[in-house]
Every structure is written in structure tokens, then in C-alpha cells.
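*Asks:* Could you have a look at this structure, given as C-alpha cells, before my questions?
The values are calculated or read from the model by the stated rules, or taken from the named source; none is laboratory data. Quick caveat, the model's predicted, so the values are computed rather than measured. Cβ: placed from backbone, ideal geometry, glycine included. Neighbour counts: every protein chain shown.
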Amino acid sequence: MSTSWTSFGGDLHLDLGERRAAGAGLRASLEDALREAVQDGRLTPGTRLPSSRALGEDLGIARNTVVEAYGQLTAEGWLSSRQGSGTTVARRSVPVRGGRTAPAGPRRRSVRHDLMSGRPDLSLFPRTAWLAATRRALATAPHEALGYGGPLGRIELREALTHYLARVRGVRTDPDRLLVCGGVQQGLGLLCAALRERGARSVAVEAYGLPPQHALIRAAGLSTVPLPLDERGARVDLLDARCGAALLTPAHQFPTGAPLAADRRAAAVRWAREQDRYVVEDDYDGEFRYDRQPLGAMQALDPERVVYAGTASKSLAPGLRLAWLALPDALVEPVARLKTMADTMSPVIEQLTLAELITSGTYDRHVRRCRLHYRRRRDRLVAALAEHAPHVRVTGIAAGLHAVLQLPPGSTPEAELLARAEAVGLALSGLTWHRAGPPGGDGGDGGDGGPPALVIGYAAPPEHAFPAALDALCELLRGA
Ligand SMILES: Cc1ncc(COP(=O)(O)O)c(C=O)c1O
């Protein structure tokens, strides 16, 4: 059944026939066809869809089938429907096809349930407060603020961050050593270039981490040296003179979740002092700790040896591209110079707005609200797995927006689980993908040697879509 559908005032070709021939039901075929049309841009955000009656007539199918398909796609966040204004293509919740932390590999099918790690619930973004803060910031900013400024960023934000980071994370810095950058990703790139200028040839990284960071380090001409992990964090005792720097996630190892033990923090700093090296502390989700007192930043142990990197990507939104580095004195000049070369400075209005949000106390309130929200999410994940997949061990849940699910030895291999997840539109990553070195091991699972494990970002779906995502995950694991 191939239909050109015209009742919404445009013309859209929906091919249900092929899908039906492949064995899909009518409703599922319609859902797939609409999802695909949104994903590939044929149906743009805000487009009003025909009434269920009109579309049913156009397609020659029962109205109820259309009602059910619209309902499902609304629950998934593709469409939105409002009393009195019908159904439209959602303006802001189009799931991402192969986003930044999506596993490499074949093109991903349409995402129905997004459980990729590294993503906050974007529906929590404080739009009203952000708008109000922008208005206040613009009303009070001098004209000069809109011109070319220094590479470190706006003084208002650096001052606000200095106080905020000292209070919340125990960071010891001052505005002259803070640099505002376009995400930790940019900050890390600048640091790698600066370290290379100083003669570094390699960076020690945790054995599991964020592959785009590993790729960035290598693109800067540095090799990565994986440090094994255990339940006390990275084996920093293996750092030696050959490592030019170390990139660590001390508060909440990404992705396995262990905090770096106190004696290891001290040992890493000792190594940096003795070898004249730097540790880069990626504090990507330091504000989200649930069950215990937050662990302070490692940077406080020695601000001249530890570069602190923080970001608004989890607390607000990755799309802001706002992050900060608290730099040792010796790195301020080279990193600022490289930032000038990269993009002169970070965009000003966002910086002024964030400064306003922090100094007014709104940012603290927002973070508290998010923490509560994510903590509940985590509890729901843990409860659902305990009920439906008790054989799965959930780890790394004391903090952050993701968990690691470990399956017992002999379970369905990781690669097969991922393929099954993809087939039902469930986006998640396998632990193997996070591996810093070349895959090794005995190949009995995901190619990684150990039993299969999945990394689940429980923050990503908007609230209405979370129950369905959880169901899909439990279904995947039930028989695994
Ligand atoms: C380990 C880790 N570091 C840093 C970040 C934040 O990166 P950025 O500030 O570039 O968005 C993320 C986000 O996914 C992350 O997972």
C-alpha cells in the first residue's frame, strides 16, 4: 500500500505497503512510516498533521488505527497533541539519529527509546528562567560586552563560577585562571595541544571512557595509554614517566561508576608533581550524587597540578556548549592563546545568562530539582530490573545519569543484545564500546573478555517516554 497523503495541505508519500509485506501490522507500519518521515525531515517540526479521520480516509484504514499510531508517537515524543489544536510534529523532541555518544557501526534504525548515556532530560531545561536571565543580562550588560573580548571569557561568569565551584565542588581557583570553552570537548582539545607544545606524547586514560575523547586526544597527535580499573577507580599506580598527562573522572568513573579512592587521588597528584605532569579532572556530573555526601573535586589537592574541567551539558543542556577549565598558572597563557586561535572566545550572551542564573540562585535550585528527578529515575530503573530482570547486576548508581548493567557469564553476548535493542528502536551502548584500547579478550561476549554489560542513560527520555523505555529495556533483558 503506497499512498500519497494530501489531507494536511502538503503532499507526503507514505509507503505502508513495503512494511506490511515485511510482516508489520497496519498500525506499526503507519507508526514506522511517520517516524521515518519526521526523522528524514519530510515532516518538519511544527507541521500540523491531518485529523485521524482525514488520514484514515486518505489511507483507507480505520480511524482508530490512526488514533493509536498518533498516541504511540506522541508518547515517544515525535508528535505532540493539544486539546483544540490537533496533532503536530513535536518541535523539540525529535530523537537523535546516531548522536555524539552513539556507538559506531552501521546506521542506526529509528530511535524509539533513548537510553544512551551522557544525555540529560532536555525537557527539564529551565526555559522560563533562562529567558528571564537573558533579559536581565542583556538589560545590564555594557555595550563593550558584545565586542571582541579576552579568550578566558566574560568576567561575570568567571567570577560567578569561581564562587560556585568553591562552594559546591571545593575547587580552588580564581577568575584569572578560569577559561570558558565550548564544552569539555573543546577544553580537552585545547589542553592536548598545550600539552603537546610542552613535549607530551601520550595521555593516560581510564580503560573505559568516552570514545570521542580518546579520538580527540589521538587527533591532537598524542597516544592514549589505558589504565586498568577496579572498584577503587583507575590504577594510577601504573602512571609512569612515559605518560605525558592523565585524564581521569575521579568523582564518578565514566562509565563504570566507581569514585577514585582517596589514596589514589593523592598518588595521582604525587605522580604529577614528581614527573612535572598534569592530571585533567573531568568532573562531568559532579553535581549529581545521590546517596552519599558529594565527593569534592580532586583539583583541591593541588590546583597547580590538576586541571579541573566542568560543564553545563548535564546540568542544563549539551546544546549550550558551555564548559570551563580551572587551570594551573603555567597553563593559562598557552590554553588562552590556543582558545584565541580556535574561536577567539565563547559566545557572550550565553555566558552572561549563565552568570546571572548562578548569582541569582536559580541555577542551584534547578540543579536540586534535576537531582531529585534523576534520583527517582534511577530508583525506578533499579526497581524495574529487580522485578523483571533479577539476574542483572546494576552498578555505578550512587551518582550521575547512567548505570552499568552487568549480565551473568554465559548470558546473551553483548553484540547480540545490542542488535536486538536496535531492532526494537532501543538506543543504548555496550560497555565494550567505551573501551579505550583495541578490543581484546577471549571474544566470548561483546569482544571484551568479561561478561556482557550495558551502559544505560536513564536521564535521556522525557518523563512521558520513560516508562515505555524502561519496559523495552526489561523486555530485552528478560530472556538475555
Ligand atoms: C565523560 C564525559 N565527559 C564530559 C562530558 C561533557 O562533554 P561536553 O561538555 O563537551 O558536552 C560528557 C558528556 O557526555 C561525558 O560523558
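*Asks:* So in segment 279-309, with the set limited to residues that are at pLDDT below 95 and among the small types (Gly, Ala, Ser), which one is farthest from the chain's Cα centre (by Cα)?
*Replies:* Checking each candidate, the answer is GLY296.
*Asks:* Determine whether GLU356 is assigned to a helix (DSSP H, G or I) and within 16 Å of the ligand (Cβ to nearest atom).
*Replies:* When the stated conditions are applied, GLU356 does not pass them.
*Asks:* A further question follows. Could you list, in sequence order, the residues of segment 275-307 that are among the aromatic types (Phe, Trp, Tyr) and either closer than 19 Å to THR256 by Cα or surrounded by fewer than 19 Cβ atoms within 10 Å (Cβ to Cβ) (or both)?
*Replies:* Matches in segment 275-307: TYR284, PHE288, TYR290.
*Asks:* Taking VAL367, is it touching an Asp or Glu at 6+ places or on another chain (Cβ under 7 Å) and either more than 17 Å from LEU179 (Cα to Cα) or not in a helix (DSSP H, G or I) (or both)?
*Replies:* It is true that VAL367 is touching an Asp or Glu at 6+ places or on another chain (Cβ under 7 Å) and either more than 17 Å from LEU179 (Cα to Cα) or not in a helix (DSSP H, G or I) (or both).
*Asks:* Please go through segment 392-424 and pick out each residue that is surrounded by fewer than 14 Cβ atoms within 10 Å (Cβ to Cβ), over 22 Å from the mean Cα position of the chain (by Cα) and touching a residue at least 60 places away in the same chain (Cβ under 8 Å).
*Replies:* The one that is surrounded by fewer than 14 Cβ atoms within 10 Å (Cβ to Cβ), over 22 Å from the mean Cα position of the chain (by Cα) and touching a residue at least 60 places away in the same chain (Cβ under 8 Å): ALA423.
*Asks:* Just to be sure I understand, how many residues within segment 313-347 are among the polar types (S, T, N, Q) and away from the ligand (no atom under 14 Å from the Cβ)?
*Replies:* 2
*Asks:* For segment 15-89, please list each of the helices (runs of 4 or more DSSP H) lying entirely inside it that holds at least 1 residues being under 32 Å from the mean Cα position of the chain (by Cα), at pLDDT 80 or above and of a type in the set (Val, Ile, Thr).
*Replies:* Counting at least 1 such residues, we get 26-39, 63-75.
*Asks:* Another question, if that's okay. Across segment 320-342, what is the total count of residues that are under 14 Å from the mean Cα position of the chain (by Cα) and either free of Cβ contacts under 8 Å to residues at least 12 places away in the same chain or outside any helix (DSSP H, G or I) (or both)?
*Replies:* Matching residues across segment 320-342 total 3.
*Asks:* Let me ask something else. Which residues, taken from segment 215-228, are surrounded by 18 or more Cβ atoms within 10 Å (Cβ to Cβ) and either in the same structural domain as ALA398 (by TED's automatic domain parsing) or out of contact with any Leu (no Cβ under 9 Å at 6 or more places or on another chain) (or both)?
*Replies:* Of everything in segment 215-228, just one residue is surrounded by 18 or more Cβ atoms within 10 Å (Cβ to Cβ) and either in the same structural domain as ALA398 (by TED's automatic domain parsing) or out of contact with any Leu (no Cβ under 9 Å at 6 or more places or on another chain) (or both), namely PRO226.
*Asks:* Among the residues that make up segment 261-278, is at least one of them at pLDDT 95 or above and within 15 Å of the ligand (Cβ to nearest atom)?
*Replies:* no
*Asks:* Let me ask something additional. Just to be sure, is GLY310 farther than 19 Å from GLY396 by Cβ, within 16 Å of the ligand (Cβ to nearest atom) and crowded, with 22+ Cβ neighbours inside 10 Å?
*Replies:* Considered against the rule, which asks whether it is farther than 19 Å from GLY396 by Cβ, within 16 Å of the ligand (Cβ to nearest atom) and crowded, with 22+ Cβ neighbours inside 10 Å, GLY310 comes out as yes.
*Asks:* While we're on this one: Which one of these is in the same structural domain as GLY189 (by TED's automatic domain parsing) and farther than 21 Å from ALA160 by Cβ: LEU352, LEU325, LEU301, LEU316?
*Replies:* The match here is LEU301.
*Asks:* How many of the residues in segment 189-208 are under 30 Å from GLY450 (Cα atoms) and not aromatic (Phe, Trp, Tyr)?
*Replies:* Selection size over segment 189-208: 6.
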